[in-house]
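These notes are about the structure you will find just below.
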Amino acid sequence: TLLGLFVGIARLSTNLLVRTLAIAYIEVFQNTPLLLQLFFIFTSVLLTLPRATEPIILPGPSYLSSSGLATPNLIATQTAGLWLLLTMIGIGTGITLWQRLRKIRLETGRTTYAAEIGLTVMISVGVIAWIVLQPFTVDFPELGRFGYVRNKGAIISASFVAIVLGLVLYTGAFIAEIVRSGIQSVPIGQWEAARSQGFSYGQILRLIVIPQALRVMIPPLTNQYLNLAKNSSLGAAVGFAEVFGVARTMAQSVSVVPIMVIVMGIYLSLSLITSAVMNVLNARFQIKTR
């Protein structure tokens, strides 16, 4: 979503280079099959990386190689549950403060900095509770003689990295076009009126254009999120070795049919939940009429 938002805004940029790059990205990823993109990322990008014994060192520290991505892993301690509870309380308190201060601003016209205060409370409670309770310990990845050391850090296979990267790039291109069309649906007079009041470009987008564009953007965004969930099944083509190994293990222990029914139920649940949440958002952002 964030990638699509930035590319969609760049698509309307007055800078020729930025606009051209955004158009090129959208046209390439929209007009090529997702399965082909997944194969290209997996075989032509990830499998050509250095071996795990000589990986690319990333900040973190993390390591990237043809064997996958090794990143630091968070291990929960006994205080993790308490930290989560305090963080949720902080989020609830921040939202309550934001709503009350926003109501005061609407009634009196005074500047209350509702969003800034609410966000500060949310972040402060979570950070202070983290420092005091230390709910997680960090397990860093290590390099051994033959590659990544097992049970050290989080090791993500190359096929999974390819699936995530492919889905992000593919779906981001479609969301970028949705963002562009939503922004262009807002009358040009809104931009001109905002500029005459001294608003910056960022303020116009954040406070005036995007909130109105959401009325147009949410229905097609719902369709893209549903497609994203269903397109994840194409990962079986890239991670065939892992899928085949798991399938053989399941076939020896349990019947395959119940497992497939469970998988279908999971996809159905994800689609229904996504559709329900987006329908609620759509109803909230629509213009209220009598």
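The values are calculated or read from the model by the stated rules, or taken from the named source; none is laboratory data. None of these values were measured; they are calculated from a predicted model. Positions of Cβ are backbone-derived with ideal geometry, glycine not excepted, and every protein chain shown enters the neighbour counts.
Some points to look at:
- Search result, residues across segment 29-40 that are assigned to a helix (DSSP H, G or I) and without any contact (Cβ under 8 Å) to a residue 40 or more places away in the chain: Leu36, Phe40
Conditions tested, residue by residue: (1) in contact with a helix residue (DSSP H, G or I) (Cβ under 6 Å, 6 or more places away or on another chain); (2) more than 21 Å from Asn15 (Cβ to Cβ); (3) not basic (Lys, Arg).
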| position | (1), (2), (3) |
| --- | --- |
| Ala194 | yes, no, yes |
| Tyr201 | no, no, yes |
| Ile204 | yes, no, yes |
| Gln212 | no, yes, yes |
| Asn223 | no, yes, yes |
| Gly239 | yes, yes, yes |
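Residues checked against (1) at pLDDT below 85; (2) in contact with a strand residue (DSSP E or B) (Cβ under 9 Å, 6 or more places away or on another chain):
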site: Leu119; (1), (2): no, no
site: Gly126; (1), (2): no, no
site: Trp130; (1), (2): no, yes
site: Gln134; (1), (2): no, no
site: Val149; (1), (2): yes, yes
site: Gly153; (1), (2): yes, yes
site: Ala162; (1), (2): no, no
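- Residues of segment 37-94 classified as more than 25 Å from Val127 (Cβ to Cβ) and of a type in the set (Gly, Ala, Ser), total: 7
- Candidate set: segment 201-223, residues that are farther than 17 Å from Leu2 by Cα and aliphatic (A, V, I, L, M); chosen: the one surrounded by the fewest Cβ atoms within 10 Å (Cβ to Cβ): Leu207
- Residue pairs meeting the criteria (Cβ under 6 Å; at least 6 apart or on separate chains; first under 19 Å from Ile117 (Cβ atoms) and among the aliphatic types (A, V, I, L, M), in segment 74-92; second at pLDDT 90 or above and surrounded by 14 or more Cβ atoms within 10 Å (Cβ to Cβ)): Leu86/Ala129; Ile91/Met122
- Residue within segment 65-73 that is modelled with pLDDT under 90, over 24 Å from Ala236 (Cα atoms), in contact with a strand residue (DSSP E or B) (Cβ under 7 Å, 6 or more places away or on another chain) and exposed (fewer than 13 other Cβ atoms within 10 Å of the Cβ) present: no
- Residue that is nearest to Leu35 (Cα to Cα) [pool: residues in segment 148-175 that are in a strand (DSSP E or B) and not β-branched (Val, Ile, Thr)]: Ser157
- Selection count where residues are farther than 18 Å from Leu207 by Cβ and surrounded by 15 or more Cβ atoms within 10 Å (Cβ to Cβ), scope segment 118-138: 9
- Among (1) on the phi < 0 side of the Ramachandran plot; (2) more than 26 Å from the chain's Cα centre (by Cα); (3) aromatic (Phe, Trp, Tyr) - the single one Tyr113 does not satisfy: (1)
- Arg110 being closer than 27 Å to Ser124 by Cβ, surrounded by 13 or more Cβ atoms within 10 Å (Cβ to Cβ) and modelled with pLDDT under 85: no
- Segment 14-29 - residue that is surrounded by fewer than 14 Cβ atoms within 10 Å (Cβ to Cβ) and of a type outside the set (Asp, Glu) and, of those, nearest to Leu214 (Cα to Cα): Thr14
- Residue, modelled with the lowest pLDDT, within segment 241-290, restricted to residues that are out of contact with any helix residue (DSSP H, G or I) (no Cβ under 8 Å at 6 or more places or on another chain) and assigned to a loop (DSSP other than H, G, I, E, B): Arg290
- Qualifying residue in segment 174-182 (condition: closer than 30 Å to Thr53 by Cα and either of a type in the set (Gly, Ala, Ser) or loosely packed, with under 15 Cβ neighbours inside 10 Å (or both)): no
- Residues in segment 176-192 that are in contact (Cβ under 8 Å) with a residue 12 or more places away in the chain and either outside any helix (DSSP H, G or I) or hydrophobic (A, V, I, L, M, F, W, C) (or both): Ala176, Ile178, Val179, Ile183, Val186, Trp191.
- Test for Ser159: is it surrounded by 20 or more Cβ atoms within 10 Å (Cβ to Cβ) and polar (S, T, N, Q): yes
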